[in-house]
Amino acid sequence: MLINIKNSQQEISFTDAVKKGMGENKGLFIPPHLSAFNNLQYLLEMPFIQRSSHILQHLIGQEIPPDQINQMVEKAFNFNPVIKQVSQDIFCLELFHGPTLAFKDFGARFMAQCLSMINSDREITILTATSGDTGAAVAHAFYGLKNINAVILYPKGKVTPLQEKLFCTLGGNIHTFAVDGDFDDCQHMVKACFHDLEINHKLHLSSANSINIARLYAQICYYFEACAALQHNQLVISVPSGNFGNLTAGLMAKKLGAPVKKLIAATNINDTVPRFISEGQWQPKPTRKTASNAMDVSIPNNWPRIMYLLDNDHKKLQHIIQPGVKADHETYAAMKTMHKLGYTSEPHGAVAFACLQQHLNKHEIGVFLGTAHPAKFKPTVDSVLDISIPLPKELEAVKNKPILSIEMTKDIGELKQYLLQ
Ligand SMILES: *Cc1c(COP(=O)(O)O)cnc(C)c1O
């Protein structure tokens, strides 16, 4: 059972929350209570898939039979998180070994399995706008699923060429539209479709929203993997953050009993949250472009969940989550430091690594989340480290494939015509 943060009277089942995405008044769904596992050591000794099923069964409850959850997990997590040692006391939890080489594969794939399971017999259409990583993860997650079409809008020329190859070459039930406009135009078009009765009625629209609870639940699983791999009671986990879904999952893992001492909210100069933690004032500034562009967010949409989980208690927040901010020059320096240690990273992970170096005390072990494969940021990585990073097989396989996207103006009429034909 979940509640709406904006109205705790609105109780909702997990499956309804997955379908709806968001509650009344744009309130986010959250479990009102999280009880810690009492068989923690036993849990930590399980292999990743089995442990993840167990965690998700605990969170979802009776609503979905355990063996069904198990099947969904097996299909969603067809790749593993990998722990790599970077220095004597710092490790990277690599989350980028999925089909689109970013941690978003975990959440998107589990959400797709949930929606597919819920809507087994009628045809639905997932409609979403993307500026990059999310679109790729969503496209691959829904690719080939029965009775589901995915329609993905993105701003033409504003995603990197490799990024575009990753999600616009699939075909089948994945339909991509390159819109002559920016990300906001795409989002506006998506909203207009959801408000259009004809489209809604005919296509059974559903969103693959970034605040969907299924994504969050899936992400809790890999925090336990870090604890299982390192078995240390002084673990500090640094999370490169944008919308703070990842950190929310980390906090939930801690509440479920994962032996994590502290979390670090690591951001680039879009530092609304670190300033809030230090000073207690919520003062978003205009968003600025940085090298870690997936973290260029100044009003993070998951923050209300974090405050809810901490009982809106600022002291508790300061006790559990440490703030960290790195500018691009510090991020590049961190990439170079890691490279000298024999580890190649990219800007998002490097922000989190740099924050760990700053905060880690004696006797503590630090883990930062590797949220994307360094080859996804090849131009930056190559120029900062003066190397030529090879493309992994996932990118090599698509780099010469034709883009299948349909180009269109930001005119909603044109999109509507395509959708209804
Ligand atoms: C989305 C993303 C992030 C930020 O994650 P949030 O959950 O939004 O805080 C960090 N790194 C990469 C590579 C991402 O794609």
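What follows draws every value from the coordinates through simple rules; no lab data is involved. Just so it is clear, the model here is predicted, and its values are computed rather than measured. Here the Cβ is made from the backbone with ideal geometry for all residues, glycine too, and neighbour counts use every protein chain on show.
Phi angles across the range 100-109 convert, under the Karplus curve 6.51 cos²θ - 1.76 cosθ + 1.60 with θ = phi - 60°, into 3J(HN,Hα) values of 10, 6, 9, 4, 4, 4, 4, x, 5, 5 Hz, Gly and Pro given as x.
When the alpha carbon gyration tensor of the range 1-56 is reduced to an equivalent ellipsoid, its three semi-axes come out at 29, 13, 7 angstrom, largest first. In loop segments of the range 326-394 as defined by DSSP, the trypsin sites (Lys or Arg not before Pro) with at most 13 further C-beta atoms inside 10 Å of their C-beta are Lys362. Qualifying trypsin sites (Lys or Arg not before Pro) in the range 103-155, where qualification requires a DSSP coil assignment and no more than 14 other C-beta atoms within 10 Å, comprise Arg122, Lys146. Coupling constants for the range 16-24 follow from the phi torsions by the Karplus curve (6.51 cos²θ - 1.76 cosθ + 1.60, θ = phi - 60°), and in residue order they are 5, 5, 5, 5, 6, x, 9, x, 4 Hz; glycine and proline get x.
Based on every Cα atom in the range 150-300, Rg and the maximum pairwise Cα distance Dmax equal 18.9, 56 Å.
Couplings for the range 285-298, taken from phi via the Karplus curve 6.51 cos²θ - 1.76 cosθ + 1.60 with θ = phi - 60°, read 10, x, 5, 10, 6, 9, 6, 9, 5, 6, 10, 7, 9, 10 Hz in order; Gly and Pro are left as x. Put simply, the amide H of Phe91, placed in the peptide plane, has neighbours under 5 Å in Val86, Gly366, Val367, Phe368, leaving out anything fewer than 5 places away on its chain.
Overall shape of the range 299-377 was characterised from the C-alpha gyration tensor. The equivalent ellipsoid obtained from it has semi-axes of 27, 16, 11 Å, in decreasing order. A compact globular protein would have a Cα radius of gyration near 2.2 N^0.38 Å; the ratio found for the range 198-262 is 1.50. Extension gain for the segment Lys316 to Asn7, taken as residue separation times 0.36 nm less the Cα-Cα distance, is 109.0 nm to one decimal. In straight-distance terms, cross-link reach from Lys75 covers every one of the aspartates and glutamates whose alpha-carbon lies under 15 Å from its own, apart from those fewer than eight places away in the same chain; here that gives Asp67, Asp105.
If the chain linking Leu40 and Asp411 were pulled fully straight, counting 0.36 nm for each residue of separation and taking away their Cα-Cα distance, it would gain 128.2 nm. Legend: calculated FRET efficiency, Ala333 to His363, from the Cβ-Cβ distance at R0 = 25 Å, rounded to 0.05, equals 0.45.
Label point of Asp185 set 7 angstrom out along Cα-Cβ; within the range 378-414, amide nitrogens under 17 Å from it belong to 405-414. Each principal axis of the range 209-298 carries a Cα extent, and these read 40, 30, 24 Å when sorted largest first.
Each Lys and Arg contributes +1 and each Asp and Glu -1, all at the Cβ; summed about the Cα centre of the chain, the dipole is approximately 480 debye. The chymotrypsin sites (Phe, Trp or Tyr not before Pro) of the range 246-322 meeting both criteria, a DSSP state outside H, G, I, E and B (loop) and at most 12 other C-beta atoms within 10 angstrom of the site's C-beta, are Trp282. The aspartates and glutamates whose alpha-carbon is closer than 12 Å to the alpha-carbon of Lys416, local same-chain residues fewer than 8 away aside, are Asp196, Glu198. With all projection directions averaged, the alpha carbon convex hull of the range 86-225 covers 9.7 nm². DSSP beta bridges fully contained in the chain are about 20 percent antiparallel. Shown for the range 143-214: lysine pairs separated by 8 or more places, or found on different chains, whose C-alpha atoms are under 20 Å apart, numbering 4. With distances taken between every two different alpha-carbon atoms, the chain has a Kirkwood hydrodynamic radius of 21.8 Å. Shape analysis of the range 340-392 based on the Cα gyration tensor places the equivalent ellipsoid semi-axes at 24, 11, 9 Å, largest first. Counting 0.36 nm for each residue step from Gln68 to Arg288 and taking away their Cα separation leaves a gain of 74.8 nm.
Per residue, the convex hull around the alpha carbon atoms of the range 1-121 comes to 152 Å³.
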